[in-house]
Every structure is written in C-alpha cells, then in structure tokens.
There are 2 protein chains.
Amino acid sequence: MTKGHDVMPDEDVKQAITAAVDRNFDAQVAFTQKMVRCPSLRGQEHTVQDLMAQAMARRGLSVDRWKVDVNDIKDMPGFAPVVDASYDNAWNVVGTWEPEKIAGRSLIFNGHIDVVPCSDPDRWTTPPFEPRLDGKWMYGRGAGDMKAGLAGTLFAFDALRDAGYGPAAPVHFQSVVEEECTGNGTLACLQRGYRADCAFVPEPLGPQLMRAEIGLIWFRVHVDGDPQHASAGFNQVGANAIEKALHIWPGIKALEAEWNARKADHPVYRNHPHPIRVNLGEISGGEWTSNVPAAAVLSVRVAVLPGDDLADIRREIEDRVQRAAQSDPYLAAHPPRVEYHGHMAEGYVLENAAEAEAVLAEGHRSVYGADLTEEVTSAATDARFFGLYQNTPGLVYGPICEQPHGIDERVDLDSVRAVTKTMALFLAEWCGVERL
Amino acid sequence: MTKGHDVMPDEDVKQAITAAVDRNFDAQVAFTQKMVRCPSLRGQEHTVQDLMAQAMARRGLSVDRWKVDVNDIKDMPGFAPVVDASYDNAWNVVGTWEPEKIAGRSLIFNGHIDVVPCSDPDRWTTPPFEPRLDGKWMYGRGAGDMKAGLAGTLFAFDALRDAGYGPAAPVHFQSVVEEECTGNGTLACLQRGYRADCAFVPEPLGPQLMRAEIGLIWFRVHVDGDPQHASAGFNQVGANAIEKALHIWPGIKALEAEWNARKADHPVYRNHPHPIRVNLGEISGGEWTSNVPAAAVLSVRVAVLPGDDLADIRREIEDRVQRAAQSDPYLAAHPPRVEYHGHMAEGYVLENAAEAEAVLAEGHRSVYGADLTEEVTSAATDARFFGLYQNTPGLVYGPICEQPHGIDERVDLDSVRAVTKTMALFLAEWCGVERL
C-alpha cells in the first residue's frame, strides 16, 4: 500500500488499530482525568473547551471554536428555550480531519462537554471533580456522562494514525455544550453547516446500539401566594404558595402513569418497562420561616415518546396544571403560570441506517467476540438532531456508567477501552483509510 | 412646681403632653420614614441602628451600643439557636434616661428594629423600602412591624420634655435586633443587666392590651434522597428527596388541628378561634431539573400555647417526622433529620401586672375616650422575656398594622399618633415626672 492510496482496512490493519488503542490507553485515561478536573457545569464550559481545542490542534485537526448565539438558532427546529442562563462561556469546539482525497463516507463524532451539578458533593466518597481510579472504575462528575466517551473519539483517531493511517473521508470531532439542558450546542453545529454521512454519539448507555430515545420537556410551574404573617396575618388567612404548589403536583405526577400506559401502542417502546419518567427535579418557595410564602416554583422534567407532538404534550401539561388550579378557589382566581425553561426535545428512532449499523456491528464483534444487541432508552441524547433535522443516522453506543447524575458517578474503564476500539474500527471501516 | 420636684402629672400636664405629641407628629412621621428607608433585614441592621443611636444621643440619653454575642447568652433560658446567620451586624442600641432623683417606677420601652424579607418586592405597589404616605397609611416593610411603634417611644419621651418634664425614674429605650427569628436581641439586653419595674413593647397588634401570646418553634426537616439520572438512573430507580419530603409534610401539618383542639382546656386561649398555625415557610430541594434530587429541606414555624413545655413539643415534632418516615421504606432506612434553626420561644401570659395595667388603661381612656380592651394573640413578641425570665410585666400595646410580613405592609398613622399619646401618658404616670 502506498501513501494516499485509499483502502478498506484488512485484518492486519484492524489489529494494528486495536493494539494502538491498548498502547495509548494510559494516556487516554490521563487525558480523561484532565477533562474531569475542569468543572464544566453549565456556564463554566470554557476552560475544558480550551483543553479540547488544544488536544484537537495537537492532532493536526483544524479547530473551529465559537460561542453559541441564541439568535443564530432560535428559529430552527429542535431549539429549546434559554432561561436564566448566559451563553457567555458556551463555546463549542469542532476539530476537523480532511483526508488527502475523499474516498470514503464522512463522519461526525459528537459528545457533550457539559456536566450536571454534583447532587450533594459532601456525600461523594471523594470530591466530584477529582477523578479517582479504583480498579476498573474512574469516579468523577462527568467521568461517565460523557467525558470518557468524548475523549475516546480522539483516541480512536489516534489509534488509526499510530497504525499509520488516516480516515479517507472528512471527520468532525464535536465537543458541544448544552446537552444536559437544551441540546442547543449540537443544534448550533447544525446551524454552522456541519454535515456528514453518519453521526456517532458515544453516550454512556453501554456498548449496545440505541434503537430509540425518548424526548424531553422541561417546565416550571410558578405559583403566587398571598403572603402574610405566619400567625395568619394577625387577622387574615392568606394563601401559602408552597402548599398551593403542592396542590398542583399530584396531577402532573399522574401524567407518568397515563403516558406510560400509551406505550402499549408504540412500535418501539411497547416492551420498555417504564419509558416515561416525570421528575420533580427542583422546588423552591418562601424566604422566611414565619412568612406565609409569596411564591413557589416547581421544576419538572417529563419524557415523551418518539412520534409525540410536542405542542400536544405542552397542551396536556398546561391543561393538567389548570385543572388542578380549578379545584382550588384561591388558585382558580390566581392561576399558576407554566414556563418552559429548557429541553424541548422530540423523541428519536434510528431508521434507514442499515449500512452504519452493519459497520458498527462488525466492529463490535471484532472487539467483544459477540453480536451487537440493541436497546431503547428512557433517556435522551443529542443524536436526535442528526436523525430528525439532518436526515443523518445518529448512532448511540458507548461505555458503561454507573450513577450518572448521581453521587459517585463512575465509568467502567474496561468498557471505555473496548468502546474506543469499536469506535476506531468504525472510523476505519466507515471512512476507509489512507496511508499516511 | 419647682425644678426637680417629682409629681404625678395632673390634667394640665397630661394635656400639655398630648398636645406636644400632636405638635411633633410630622417630625415623628418623617423619622419613621427614615427608619423604613434602612432595609434592616437580618444581617443588615447596623445602618438603622446608627440612626437610632444618633436619635437617642440627640435627646441626651446615654447610649449603649453593643454587638450581640452568642457566647454571652447561649446558656440563658429563652435562648434560640443561631443557624446560618452571622451576628457581625447585629448591634443592639439602648438609650437610657436617668432622672435628677429617682422618685417613680422605672420603665423599659422595647422594640425590634429588624424586619422580615419583602415577600415579592415586584408585587408591592411601590418599593418596600421607600415609605409611601397615602391618607392615614404609611406603606413599607417594617413601617408597621415595628418601626412606627419604636419611633413612637422616642417621641413619647419628646412629648414629656416639650411639656417641660422628664420622667422621674430611669427609662431604657431598647432598639433590638433578632426579634423576627430568635428573640436573642432582647435576651442580650437581659444579659447586659437591663432591668425595670415594667416593660412596654409597642408591637402593632393594635391599641389593646395583649393578655397573652403564643410561643414559637422553628425547625427544618432535612431529607436526603438517592440522586440519579431523571430517566431513573438509566437503570436504577433512586429516591426523589423532594417527594420524600412531601411524604413527611402532611403529618406535621396535622399538628395544627391537634394542637388547636387542646385549646379547649387552656385558661387563656380557649376562646381564641385558631391560636396555633403551622406554617411551611420555606422549601428547597434539587438543583437540576433532570437530576433526581439529592436533598430537600422544609422550614416550618409552629406555635405553642403558653404553659406548653418546649421539650415536650420538640418530642412531638420529632415523633411525627419519624412516624411518617417509618411508613416509607426508603425513609425508614434513611431517616430525616430535624434541626432547630431559630425561634425556641415559650408562650407568655401577662399576670400580676395590675398596677401597670391600670396606668395603661387610664392613659388609653384619656386618648380614646373608651375603656381598654384586651386580647390574646396568635403571634409572639419579645415581651415574653421580661415576664418569663425577669419577673417584670411585659405590656404589649401598639398601633394598627395591615399586611405585616406581607405585601404592601402599612401602618395606620392615626393609631400611631394615638398610641404615642398613650405611651407618653404611661411614661408620665408610671415613672412620675420631674420639672426640667
């Protein structure tokens, strides 16, 4: 084989690639730890994006870094409302590989760099942003969801190169913000013009093919009370905003059972045990123990099935809130307000992706010696943007994570190593390779 | 009458005193507005205390100003726990009048300078710390509760002096912090050695004698959840700390009805319609809409009847919380914690105060042309400290306030004027007067 001559990788090349993953794995773990040490909570993503941009530049990728601008994306399908958040530090980073000559199929590797808050940091065994290795586990907020997978995309690329090859088609490595709250980071990549024949999102849902994912809506219910002295305003009764909000909650909660019941008719989710979760994620109300509270807010995450129309779902939510309000004289006269403050995501089913699935299955079999299985998930990922709005298969396949969004989040490094191998083989097979 | 000759004030003197209240009333209103403009929320009391110290010094009172120190008072009866609060700005101010010769009975005027938060400032007609006059009303946070009454004590003193007299006994004008959360400001006055034959607290409960007030306990219930991804941890269920806290709340709420039922046997409260209020004053929980919440906190104010033992009541609260926890497998294994974070106040009944009551009744009759009526209240005041721990009658009698602790708090300036007259007459009659 001569330089620049494009090939499909043979068994020797594949072995060289997976051997390179092994050889580089200590460095991969160390780099993942570096990523975890940057607390890339919403609004603080910029420092770790510096690291990502640097890592891409060192690999010879051309680096595109830009601040997500709501004005650029607000009219696009898939946009989610931005409330009480600044995009001042919301930088996306995309590194691009261009082959000598385009011979294969192009690819986007996409992973989110943002992490969710740490629940209760004091309850972690060790601090959440000090990545700790213990046997096969790496602990840390974001270690699993999803810095290990995102790091893996760069080390998959390294493995090809260490074996003496480069992908024979353009590859975009996207490190995006905002996946955990809106998806607007990946949407901004679409707006900027990134396209490929396939997208691969190594979310930590395990080394299996995600056939489908649910959609998400975030909303808040704002309730105003009639604040008074806690002794009942010396002589008036008032209305406790917190208790009024609690009057609203059971009706919202009931949506979970009602919507799960609908899965019976769903082509993909009918066998999932419990696709819909309604999560009361945040509550706040009052400001002084002896004041009858003036205001209370419920923040809720609901899931929706693929195919559900988001406008219909919003109407159901609002009807439910107003129906509860109607059953209380004070709330009937002072109706609660529903505000959408984040995710506004449709569900997604991977379809018409036989070619990509076959390549993934072959890579998986090479690494695991077993057939690729598939699953449907009660979570959502940014893969939907590729499938729903770009007619591009969005594959989700990644390492094993325990306690995502919980305490002592951890990622299984054995699975990270194996998934990195699968990604490297996918990259080689999907794009083809050219000798460097 | 010659200078320094002590007298009981005759009708002419009384008329001169009440005429002086009228003459000074514009200045009194302006001074009260100045007080309201200082937002003396907990932790920010120092600026208005500067104003108070200056106002006392200008009147020739000797001014004692000191920072409340928890170590000085923490072992005294009546002390309430200080949690999440700094006393860095918690300055008490006491101005003392000493007569030429002590001939009458000494007096403490006591009022609190701290105010509660503003509920929702945006819902006020005008900003809460910009005191607005509209007809007989002055609007503003703290205007009624209780800056108008506290200002009135100084202008009652002015009225005597403008009529050409001074009190014939020591008088202490106490401007205290911490009434709204602990009572530790007045407790610190006791610790510092202030004593008198009577205490007078012009809380805005109206121009009537408060025969009794309830006690208060503040507590928090801390609930730890098992945080997870809102999709149910990808594969685990978790425990939502907010929903677990909501499981605890109904049992606490039920105490209100149970404790109110006990009033039937109470010598003082049996005719009060609803002495006990259980107020869920604050709630917080969660930090991210798509995380199953790690923690939630309820902050509750309960009232207790005079005579109730606080240790017994605490045990009832804790039993109630634990009983609710036992009915839920997760909470049974992860019991909530009860924390006392403020008021720990016994109820108080004014007794053995015939002399002081008679003097108050006489002054009230002079001003209102009607008999003094009495009331029992579902609120608490600092008067308890004098009665319970100093064997000193603690009179509560003050102006009319609407919306205390609420939106558009306002005080009736006609009542402020009248109550100032009653206080001036009480001062003259209780202490006697000496010609200046």
Non-local residues with an amide H under 5 Å from the amide H of residue A:38, with H modelled 1.01 Å from N and Pro and chain starts lacking one, are none
The base-10 log of I(q)/I(0) that the Debye equation returns for the range A:136-188 at q = 0.13, 0.14, 0.16 Å⁻¹, one scatterer per C-alpha, is -0.46, -0.52, -0.65
Under the 7 Å Cα-to-Cβ spin-label approximation, residue B:76 and residue A:322 lie apart by a distance in nanometres of 5.7 nm
The range B:109-161: spread of alpha-carbon positions along the three principal axes, whole Å, largest first, is 42, 25, 12
Computed for the protein assembly as shown: size of charge dipole around the Cα centre, +1 on C-beta of each Lys and Arg, -1 on C-beta of each Asp and Glu, debye to nearest 20, value 700 debye
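In Å, what Kirkwood hydrodynamic radius results for the range A:18-106 from the alpha-carbon pair distances? Don't jump to the answer; show the numbers that get you there.
Numbers: mean 1/r = 0.0636 Å⁻¹.
Across the range A:18-106, the inverse of the average 1/r is 15.7 Å.
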For the range B:281-352, Rg(Cα) over 2.2 N^0.38 Å is 1.45
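Which of the residue pairs B:147/B:253; A:253/B:244; A:14/A:421; B:136/B:421; B:14/B:421; A:147/A:421 have a Cα-Cα distance greater than 21 Å in the structure shown?
Checking Cα-Cα distances, B:147/B:253 exceed 21 Å.
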Among the Cα-Cα pairs of the range B:334-436, the proportion with separation greater than 21 Å, in percent, is 51 percent
Of A:111, A:78, A:43, the most mobile residue in a GNM of chain A (C-alpha springs, cutoff 10 Å) is A:43
Using alpha-carbon coordinates alone, the radius of gyration and Dmax of the range B:166-265 in Å work out to 23.5, 79
In chain B, helical segments from DSSP H whose Cα atoms cover 27 Å or more along their own axis and that average at least 0.0 on the Kyte-Doolittle scale are B:241-261
Rg/Rh over Cα atoms for chain B, Kirkwood Rh, comes to 1.03
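Could you check how many percent of all C-alpha pairs in the range A:6-162 are farther apart than 23 Å?
Beyond 23 Å sits 47 percent of the P(r) for the range A:6-162.
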What the 10 Å binned alpha carbon P(r) of the range A:279-410 shows, as percent of pairs per bin from 0, is 9, 26, 27, 19, 11, 6, 1
So residue A:47 and residue A:100, fully extended at 0.36 nm per residue minus their Cα-Cα distance, gain in nm 15.8 nm
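Could you list the square roots of 5 times each eigenvalue of the Cα gyration tensor of the range A:216-345, that is, the equivalent ellipsoid semi-axes, sorted largest first and rounded to whole Å? Each step should come with its number before you reach the end.
Numbers: eigenvalues 223, 33, 27 Å².
Ellipsoid semi-axes (Å, largest first): 33, 13, 12.
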Within the set A:159, A:30, A:80, GNM on chain A using Cα springs under 10 Å gives the largest fluctuation to A:30
dims of the range A:356-411, Cα set, principal axes, largest to smallest, nearest Å -> 36, 35, 14
Note on chain B, DSSP bridge orientation, antiparallel percent to nearest 5 equals 75 percent
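Beta carbons within 10 angstrom, averaged per residue: use that to sort the peptides B:407-417, A:305-315, B:344-354, highest first.
Details: B:407-417: 22.9, A:305-315: 15.6, B:344-354: 19.0.
Going from most to least packed, we get B:407-417, B:344-354, A:305-315.
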Computed over the protein assembly as shown, the distribution of all Cα-Cα distances in 10 Å bins, rounded to whole %, is 2, 12, 19, 17, 13, 11, 10, 7, 5, 2, 1, 0, 0
So, in nm and shortest first, the distances from residue B:72 to its counterparts in the other copies, with label points 7 Å along Cα→Cβ, work out as 6.1
In whole Hz, the Karplus estimates of ³J(HN,Hα) for the range A:119-129 (6.51, -1.76, 1.60; θ = phi - 60°; x where Gly or Pro) are 6, 10, x, 5, 8, 6, 5, 9, x, x, 9
Amide H proximity to residue A:165 below 5 Å, modelled H, separation 5+ or other chain, gives A:436
With all protein chains in place and a 1.4 Å probe, residue A:192 shows an accessible area in Å² (nearest 10) of 110 Å²
Across A:109-121, the residue-averaged tally of Cβ atoms belonging to other chains within 10 Å stands at 3
Restricted to the protein assembly as shown, the DSSP antiparallel beta bridge percent, nearest 5, is 75 percent
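The values are calculated or read from the model by the stated rules, or taken from the named source; none is laboratory data. Everything numeric here is computed off the predicted structure, so don't read it as measured data. Every residue, glycine among them, receives a Cβ derived from its backbone with ideal geometry; neighbour counts consider all protein chains shown. Please note that ligands, DNA and RNA were not included when accessible areas were found on the heavy atoms of the full protein model with its side chains. Shrake-Rupley method; radii C 1.70, N 1.55, O 1.52, S 1.80 Å.
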